[in-house]
Amino acid sequence: MEKIKLEDCYVSEDYGFILPDPLVKLPDFYNPWMDIAENLPELIETKSLRDVVSKLPELGIQHLKGHRQLRLARVVLSHIIMGYMWQNGETAGPKVLPRYLAVPYNQVSQILGLPLIIVHADLVLANWKRKDPTGPLTIENLSTIVSFPGGDSLQGFVLVTLLVEVAAIPAVKAIIQTVKAIQEDDRQTLLPTLQDMEQSINKMSAALQLMHDYVDSDVYYNTIRTFLAGWKNNPNMPEGLLYEGVSDEPLFFSGGSAAQSSVYHAFDELLGVQHRPESADFLLKMRSYMPPAHNKFINWVKEAPSLSEYVVKSEDPALLTTFNQCISALTELRSLHIRIVSKYVNAAGARARMKKNQENLGQEQQERGTGGSQVMTFLKSVRDTSKEGMLRHSTPGDH
């Protein structure tokens, strides 16, 4: 198994998968983009974004230097493009993305290895700044760099999602230490490391609970969710999107989804969670919506010797119990995600349909997630297979 350099994976023990201290300003050459980005919610709400965008010059990317400038350019362009597509709400978006957006977006995305649509890494991992530069990573001290409409709820949605990633930082560190401990047959280190992981996963659940405090479910359903929709499996855009100057054929991409968060994939690989084919297929597709460096890290975990086999072979009851507590914590985190989706998508969607007097229409249809999956079926399947990762305590009759 190859040795891995964390910095090559854009993963760190201090920030996990989060981009450390993202830049908030591009070089002056890109002021036309930044001016739009800074006024994006207002331009979308007044339905004037497309007019303003139509006056943009086509800017080359030659003045973007280094990873962090490229990431900020991605954040800025991703937000402008989603605003451009869904300015008028969920009705059909434009069929063509003009070249002055499509071409530079494609060039930046090629270098970063990301698809031509907003992803979790743009919306959350690279889209944050501290209000007090020396202050902590708390919701009171954070704000987004670029925002969609949705006011406090939009801020809450992005920043609570970021706080889940912040809570996962000790778990990312524990994943790295666990792989090393198994390789070196170091049981002494393994037990406290797995205990750290369990604590970290429980803190992720506590962070996710903050959604209820900071995000209004109707604002999420009717406003925020719209800007995360993609053009794959989307009945409003059955023909996909033509990227002018990039491709002669329309392209299809899934929208933003929590399934694009690398940390859950790393847990599944480490803990040996085996998802059912349809869920596994969707999760695997979502890996191409992550920075390739993060994917490299997930594959490194995947190729490591099996943790569950090591725990079983060790016949150490404390190790086995702690492993199972990690599985329980992950299962509970996924159960919480189901309850949140039920409130923010299913219940809020039912209210929205009733408001439109569509009680008879689609009441029984299942909501799709922004990533295009049948969201409840998918989440329940992923939660149930997490639970199945539990290891049994061996009894004398087992041998």
Checklist line | Rg ratio (alpha-carbon, reference 2.2 N^0.38 Å) - the chain | finding: 1.01
Next item on the list: Can you send over the carbon and sulfur percentage of the accessible area for the chain, probe radius 1.4 Å, protein chains only?
Entry: 51 percent
Note to self: List the residues, sorted by chain then number, that are 5 or more residues from LYS232 or on another chain and whose placed amide H is less than 5 Å from its amide H.
What the structure shows: PHE253, GLY255
Checklist line | Separation of the GLN195 and GLN110 label points, Cα + 7 Å toward Cβ, nm | finding: 5.2 nm
Notebook entry, point to check: Under 5 Å between amide H atoms, partner at least 5 residues away or on a different chain: which partners does LEU142 have, H built in plane at 1.01 Å?
Noted result: LYS131
Note to self: Just to confirm, what accessible area per residue do you get for region 41-179 at 1.4 Å probe, in whole Å²?
What the structure shows: 34 Å²
Next item on the list: Taking the Cβ of LEU142 as the centre, find all other residues whose Cβ is under 9 Å away and add up their charges (Lys, Arg: +1; Asp, Glu: -1).
Entry: +2
Notebook entry, point to check: At 222 nm, what helix-only mean residue ellipticity would the chain give, in deg cm²/dmol to the nearest 500, using -39500 (n - 2.57) for each DSSP H run of four or more?
Noted result: -15500 deg cm²/dmol
Next item on the list: Find out how many positive minus negative residues lie around SER288, taking Lys and Arg as positive, Asp and Glu as negative, among other residues whose Cβ is under 15 Å from that of SER288.
Entry: +2
Next item on the list: Work out from phi, with θ = phi - 60° and the Karplus expression 6.51 cos²θ - 1.76 cosθ + 1.60, the ³J(HN,Hα) of each residue of region 298-308, listed in order in whole Hz, and give x for Gly and Pro.
Entry: 4, 5, 4, 5, 4, 7, 5, x, 5, 5, 5
Notebook entry, point to check: Where does the charge balance sit around ASN324 when Lys and Arg score +1, Asp and Glu -1, over other residues with C-beta under 14 Å from its C-beta?
Noted result: -2
Next item on the list: Note the full-extension length gain between GLU315 and ASN299 as 0.36 nm times their separation in residues minus their Cα-Cα distance, in nm to one decimal.
Entry: 3.0 nm
Margin query: Need the full-extension length gain, ASP185 to ALA280, defined as separation in residues times 0.36 nm minus the C-alpha distance. One decimal, nm.
Written below: 31.2 nm
Notebook entry, point to check: Between THR134 and ALA350, how many nm apart are label points set 7 Å from Cα along the C-beta direction?
Noted result: 5.2 nm
Next item on the list: Compute the label zone of ASP8 within region 257-295: residues whose backbone N is under 14 Å from the point 7 Å along Cα-to-Cβ.
Entry: 293-295
Notebook entry, point to check: Between GLU90 and GLN209, what FRET efficiency comes out of the Förster formula 1/(1 + (r/R0)^6) with R0 = 30 Å and r the beta carbon distance, rounded to 0.05?
Noted result: 0.60
Check: Short version: ³J(HN,Hα) in whole Hz for each residue of region 214-226, in order, from phi by Karplus 6.51 cos²θ - 1.76 cosθ + 1.60 (θ = phi - 60°), x for Gly and Pro, what are they?
Finding: 10, 10, 7, 5, 6, 5, 4, 5, 8, 10, 4, 4, 3
Note to self: If amide hydrogens are placed 1.01 Å from N in the peptide plane, which non-local residues have theirs closer than 5 Å to the one on LEU97?
What the structure shows: LEU242, TYR243, GLU244
Notebook entry, point to check: Applying the Karplus parametrisation 6.51 cos²θ - 1.76 cosθ + 1.60 with θ = phi - 60° to the phi angles of region 49-63, what ³J(HN,Hα) value in whole Hz is obtained for each residue in order, glycine and proline being reported as x?
Noted result: 4, 4, 5, 5, 4, 5, 9, 5, x, 7, 9, x, 9, 5, 8
Next item on the list: Report the full-extension gain for the segment ARG50 to PHE29: residue separation times 0.36 nm, less the Cα-Cα distance, to one decimal in nm.
Entry: 5.4 nm
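The values are calculated or read from the model by the stated rules, or taken from the named source; none is laboratory data. This is a predicted model, so every value here is computed, not measured. Note that each Cβ is placed from the backbone with ideal geometry, even for glycine, and that neighbours are counted across all protein chains shown. Just the protein is used for accessible areas: all its heavy atoms, side chains included, with ligands, DNA and RNA removed. Shrake-Rupley method; radii C 1.70, N 1.55, O 1.52, S 1.80 Å.
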